[in-house]
Every structure is written in structure tokens, then in C-alpha cells.
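The values are calculated or read from the model by the stated rules, or taken from the named source; none is laboratory data. Keep in mind that this is a model prediction, so the values were computed, not measured. Cβ sites come from the backbone with ideal geometry, for glycine too, and all protein chains shown count toward neighbours. These accessible areas exclude ligands, DNA and RNA; they are computed on the full protein's heavy atoms, side chains included. Shrake-Rupley method; radii C 1.70, N 1.55, O 1.52, S 1.80 Å.
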Amino acid sequence: MDSLDARDLLGLEGMAAAEIQAILDRARSLKTSCRGDELNGRVVANIFFENSTRTRCSFEVAAVQLGAHPLNLSATGSSAAKGESLVDTANNIEAMGVDALVVRTGASGGAALVAKASGIPVINAGDGRHEHPTQALLDLFVLQERLGSLEGRRVAIVGDILNSRVARSNLHGLLAMGASVVLVGPPTLLDSSFESIHPTGGNATVEVSHDLDGVLEGVDAVMMLRIQRERASGGAISSDYRRLYGLTAQRARRMRPEQLILHPGPVNRGVEMDASVLDDLDKNAVLEQVTAGVLVRKAVLMRAIPV
Ligand code: CP
């Protein structure tokens, strides 16, 4: 086909609130009404050219629980290791007759390149520093489960903003749903360019701060981000990163019980979050996010492959 498709999911930038809500509503309905044959006999190819635990496995579980067959391909062990490009790989997998492609790549914009060359739906499972739309959708799902409507809510996204596709997708998703966002991080990982992102309509705002303690009390949820060492951000953090920007046990104690703590995983224990905070499942929603990931990815697969 060689064009983008309305059933592609490449990012949340520009996606309307109603479309986001439709995915979240379908995910919610699947909690109680998944028959197991919704995608009977379909084949979903998971092409992961970057490492993953949560995203790849939850797409796989989602496909199996809908009656589809997952086909899993990683760079190691495939002909990518001989130099075959992502687009050539995807074209060859598509030629085998699969129904959708789920793509993770280190290249920002890589999922869109695959989608342009493909005649079947493409779902972005994380492309470089660009977007990770299903992560943001599952985060929005958990936030709605805990907080109800996100209209007028305030969410802090904390840490390695510069290198984070999770931050970008959540920023667009939260603004679309009417929530204001405070981006918090050291100047080396967060610059003022983010303040130029303006939400379309509504009263939601974007702020930039380098002072976590000043922000913490005034937010409904705090989303901690992993330091993206594979994108060289390890060199941009100082030895006092945890003290200034980590969710330490001391900071967590200051938070009110209704303030949500999120992290997309994997967590660098003792860097962006203390181990005691991560292990306190009454205090954080980290594993709840993982559970929501299966529901949301089921909804995304059903949107991509209508029956
Ligand atoms: N949150 C997330 O994308 O985790 P994985 O890299 O393990 O998929």
C-alpha cells in the first residue's frame, strides 16, 4: 500500500481525546468481557530491534488471550544481525501474510518508516526518543482508574525527559485528556524547549521545573522515568541525582496516600526510585501499570485488526 493507515498507532501527538478514550474504554471492557477468540487465527508479528520485557511480553500475552498467534523477532538471531534493515525485515514478515506489525526500534521515526512501506497496520512499541504510545495509554488507563477524569489534574513527569519516549507520549496524551503536566529534571536532561508545547484547547498547561521538592506537593501523580543509559544519558547525571530527583523513601513519606506513584519500568533501584518505595505496592502503581498494559495492548490490537 505504501501509506499511513488509520489503524496504525505511531504516537499520541495529535490524537484526539475521543480516540484515546475509545481505546481506554475498550481496554476497560476487556477486563470482564474477553472471550478469547476476538482475533482467532490472526498473526501479530512483534519485531523488536531494541530490548524489552514488559512491552514485548504483554503484546504477546494480549495476542494469545485474543486467540491470535504472536510471531516474535528480535535483532539478535534474525537477519538484522547480518545487516538487513528494519524496513526490509518488516516487508519480508508482511509478505508471509501476517495481520499486524508491532515495532520497537532505537531509531526515532523508525515505526513511521515501516508504516509508510507497509500495507498492514503498524503499532509503535517505542521508537528511539520519539514516542511509546501504548506505554502512555496504559499510564492514562491507570490514572483514570485511580483518579477518574483527568480533566484539571496535574501530573509531574520526572527525570530523563530529554531522552524519554515515555515522557513525550505521556505529555501529548495527558494534555489531550485535559491534564496539566510539570516536567521535572536536571537542566542537562530537560531544557526550556518543552515549554513551547501548547495544548490545543482547554486549560491544560506545560511547565518546566528543576525543583522536585517544590513540585511534589501540588500534583495528583508523579511519573518517575528511567535514566536512559543506552542513550548516553548516564553521562548527563551527577552523583547527587538521587538526592535531587530521585523518589527517595523520605520524599515518598511526604506524599499523601492519594498521590499516585508511577514508573514505566525497568527501574534503576536507588537512582530514580528507592528500592523501599518500589517494593511498597500499596504506595506505587508499578505492577498495576504492567497489568493494565495487557488490557490496553489487547484494545490496540483489536483497533488495528478489525474483525
Ligand atoms: N516500559 C517499557 O517499555 O518496558 P520494556 O522496555 O521492558 O518493554
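Looking only at the range 211-222, which residues are open to solvent by 30 Å² or more (accessible area, probe 1.4 Å) and under 21 Å from LEU175 (Cβ atoms)?
GLY218, ASP220 - these are the residues of the range 211-222 that are open to solvent by 30 Å² or more (accessible area, probe 1.4 Å) and under 21 Å from LEU175 (Cβ atoms).
Scan the range 16-36 and tell me whether some residue there is in contact with a strand residue (DSSP E or B) (Cβ under 6 Å, 6 or more places away or on another chain) and at pLDDT 95 or above.
No, that holds for no residue.
Mind listing just one residue for me: the one in the range 218-240 that is within 22 Å of GLY106 (Cβ to Cβ) and in a loop (DSSP other than H, G, I, E, B) and, of those, modelled with the lowest pLDDT?
Filtering the range 218-240 for residues that are within 22 Å of GLY106 (Cβ to Cβ) and in a loop (DSSP other than H, G, I, E, B), the one modelled with the lowest pLDDT comes out as ALA232.
Considering only the range 37-55, state which residues are more than 14 Å from LEU138 (Cβ to Cβ) and either at pLDDT below 95 or of a type in the set (Lys, Arg) (or both).
Hit for the range 37-55 is ARG42, nothing else.
Those residues that are touching a helix residue (DSSP H, G or I) at 6+ places or on another chain (Cβ under 9 Å), charged (D, E, K, R) and modelled with pLDDT under 95, I need them from the range 281-297; list them, please.
LYS283 - this is the single residue of the range 281-297 that is touching a helix residue (DSSP H, G or I) at 6+ places or on another chain (Cβ under 9 Å), charged (D, E, K, R) and modelled with pLDDT under 95.
What helices (runs of 4 or more DSSP H) lie completely within the range 7-126 and have 3 or more residues being buried (at least 17 other Cβ atoms within 10 Å of the Cβ) and more than 16 Å from the ligand (Cβ to nearest atom)?
Correct list: 17-33, 86-95, 110-116.
Mind listing whichever residues of the range 174-188 are farther than 26 Å from LEU24 by Cα and buried (at least 24 other Cβ atoms within 10 Å of the Cβ)?
Across the range 174-188, the qualifying residues are VAL184, GLY185.
When the range 247-294 is examined, which residues are found to be within 16 Å of the ligand (Cβ to nearest atom), exposed (fewer than 14 other Cβ atoms within 10 Å of the Cβ) and part of a helix (DSSP H, G or I)?
LEU287
Condition (residue is touching an Asp or Glu at 6+ places or on another chain (Cβ under 7 Å) and in contact (Cβ under 8 Å) with a residue 40 or more places away in the chain) applied to the range 143-152: is it met by at least one residue?
yes
May I ask you to list the residues in the range 15-29 that are over 16 Å from the mean Cα position of the chain (by Cα) and either within 13 Å of PRO133 (Cβ to Cβ) or hydroxyl-bearing (Ser, Thr, Tyr) (or both)?
GLU19, SER29
Condition first: touching an Asp or Glu at 6+ places or on another chain (Cβ under 9 Å) and of a type in the set (Lys, Arg). Now tell me which residues in the range 14-48 satisfy that.
Within the range 14-48, ARG28, ARG42 qualify.
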